[in-house]
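One structure below.
What follows draws every value from the coordinates through simple rules; no lab data is involved. Just so you know, these numbers come straight off a predicted model, no measurement behind them. Cβ placement follows ideal geometry from the backbone for every residue including glycine, while neighbour counts extend to all protein chains displayed.
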Amino acid sequence: MIFAANWKMNLDNLSAVKLAEEYNSGNLAGKHQVIVMASHIALADVRRKLRPEIEVYAQDVSKFSGLGNFTGETSAQQLHAIGVSGCLLGHMERRTHVKELDSDLNLKIKNALNEGLKVMLSVGETSQNLTPAEQKELITSQLATDLADVTPEMLIDKLAIAFESVATISSFGNQQAGAALPVADIFKKIAIIKDWLKEKYAGVSIPVIYGGSVAPDNIAQFVTEDGVGFDGFLVGKKSLDVLEFKKLLEAV
Ligand code: PGA
């Protein structure tokens, strides 16, 4: 399974390097694939510090490609050059706080893939006030726009989808997975995403993972449901404490 540690904007460079050291001594790499998602400022040092089997992703990438006069931007080429292997795109915090547009996400995804970076695309509910039909429409339209013109050949072994909802991510004030969004609903969303992917990218393996207040005492509920498969987890808060993060890896 994939365990992506989304450190968000929680650490300065020294703290990020210290946490990377703790990840190394925590012996995390085993049967699971561990990805660390660090702030741009810490990526180079975290990449140097972490064991090579732990992948390092950025939390965003520019919609502009190559090198050039784009003040404040960081391109896929620049990230690739420091050993970053992928990027998280479309996280709910960026969709809501930064008002990230699907049309820009489409450019970012294509830039990342063209540069050889992997992409973890986050899709899901940016509002808690949607009917099930509206939720489905939102998720499928995010997928359709974000992945427009992205061919199956471009994304072999390069794409993963993370389902998230503002109803369950801890930073939106939710302390418990399943409190505002029942687990059965989460499984329905994963099924919507898998169906969509099967239609557009038949035969290509694209992991679909879940993110939102995943914790050692609730992770089991996401893996016991019959017939619906999760391929991993996107973990925010609990990834900042290596012991808690390790408990997640050991629980499944
Ligand atoms: P959380 O964050 O685990 O703190 O809810 C998940 C995420 O936002 O990626």
(message) With a cut-off of 8 Å between alpha carbons and a minimum separation of six or more residues, what is the relative contact order of the chain in percent?
(response) 19
(request) List the longest stretch of the chain that has no exposed loop site; here a site is one of the trypsin sites (Lys or Arg not before Pro) assigned by DSSP to anything other than H, G, I, E or B, with at most 10 other Cβ within 10 Å. (result) 100-252
(request) At 7 Å along the Cα-to-beta-carbon direction for both residue 114 and residue 133, put a label point, then send me their distance in nm to one decimal. (result) 3.9
(request) Mind jotting down the distance between the C-alpha centroids of segment 228-249 and segment 204-225, whole Å? (result) 9
(request) Mind giving me the FRET efficiency for residue 14 and residue 51? R0 is 25 Å, r the Cβ-Cβ distance, nearest 0.05 is fine. (result) 0.80
(message) Treating segment 71-158 as a set of equal point scatterers at the Cα positions, no solvent, please give the Debye-formula log₁₀ I(q)/I(0) at q = 0.11, 0.16, 0.19, 0.22 Å⁻¹.
(response) -0.33, -0.66, -0.89, -1.10
(message) If I model a spin label at residue 217 and residue 70 as a point 7 Å from the Cα along the Cα→Cβ vector, what separation in nanometres do I get?
(response) 4.4
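Check each of the GluC sites (Glu not before Pro) in segment 1-65 and keep only those in coil by DSSP with at most 12 other C-beta atoms within 10 angstrom; list them in order. Kindly include the intermediate steps, with their values, before the conclusion.
Values: sites: 21, 22, 53, 55; in loops: 53.
Here the sparse-neighbourhood loop sites are 53.
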(message) Show me, for segment 2-11, the HN-Hα J-couplings you get by feeding each phi into the Karplus relation (A = 6.51, B = -1.76, C = 1.60, θ = phi - 60°), rounded to Hz, glycine and proline as x.
(response) 8, 10, 9, 9, 9, 6, 6, 9, 8, 10
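Please work out how many pairs of lysine residues in segment 71-158 are eight or more positions apart (or on different chains) and have Cα atoms closer than 17 angstrom. Numbers along the way, then the final one.
Numbers: 99/108; 108/118; 108/158; 110/118; 110/158; 118/158.
Eligible lysine pairs with Cα atoms under 17 Å apart amount to 6.
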(request) For residue 63, list the aspartates and glutamates whose Cα falls under 18 Å from its own Cα; do not include residues on the same chain fewer than 8 positions away. (result) 73, 93, 100, 102, 104, 115, 146, 149
(message) Report the Cα centroid-to-centroid distance between segment 94-132 and segment 5-45 in angstrom, as an integer.
(response) 22
(message) Relative contact order of segment 53-186, please, whole-number percent, based on alpha carbon pairs below 8 angstrom and at least 6 residues apart.
(response) 22
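Cα convex hull of the chain: mean projected area in nm², to one decimal?
On the way: hull surface 50.5 nm².
About 12.6 nm², averaged over all directions.
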(request) Report, to two decimal places, the Cα Rg of segment 22-131 normalised by 2.2 N^0.38 Å (N = number of residues). (result) 1.14
(message) Need the list of aspartates and glutamates near residue 247 for cross-linking: C-alpha distance under 18 angstrom, and skip anything on the same chain fewer than eight residues off.
(response) 21, 22, 217, 231
(message) Ignoring everything except DSSP H segments at least 4 long, calculate the 222 nm mean residue ellipticity for the chain; use -39,500 (n - 2.57) per segment, divide by total residues, nearest 500.
(response) -11000 deg cm²/dmol
(request) Would you kindly state how much longer the chain becomes between residue 98 and residue 149 on full extension, computed as 0.36 nm times their sequence separation minus their alpha carbon distance, in nm to one decimal? (result) 15.9 nm
(request) Using the Karplus curve 6.51 cos²θ - 1.76 cosθ + 1.60 with θ = phi - 60°, work out ³J(HN,Hα) for each residue of segment 112-117 in order, rounded to whole Hz, and write x for Gly and Pro. (result) 4, 5, 4, 8, x, 7
(message) Past the 24 angstrom mark, what percentage of all C-alpha to C-alpha distances in segment 125-218 do you count?
(response) 25
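Please give the length that would be gained between residue 81 and residue 140 if that part of the chain were fully extended, namely 0.36 nm times their separation in residues minus their C-alpha to C-alpha distance (nm, one decimal).
On the way: separation 59, 0.36 × 59 = 21.24 nm, distance 3.31 nm.
The residue 81-residue 140 span can extend by a further 17.9 nm.
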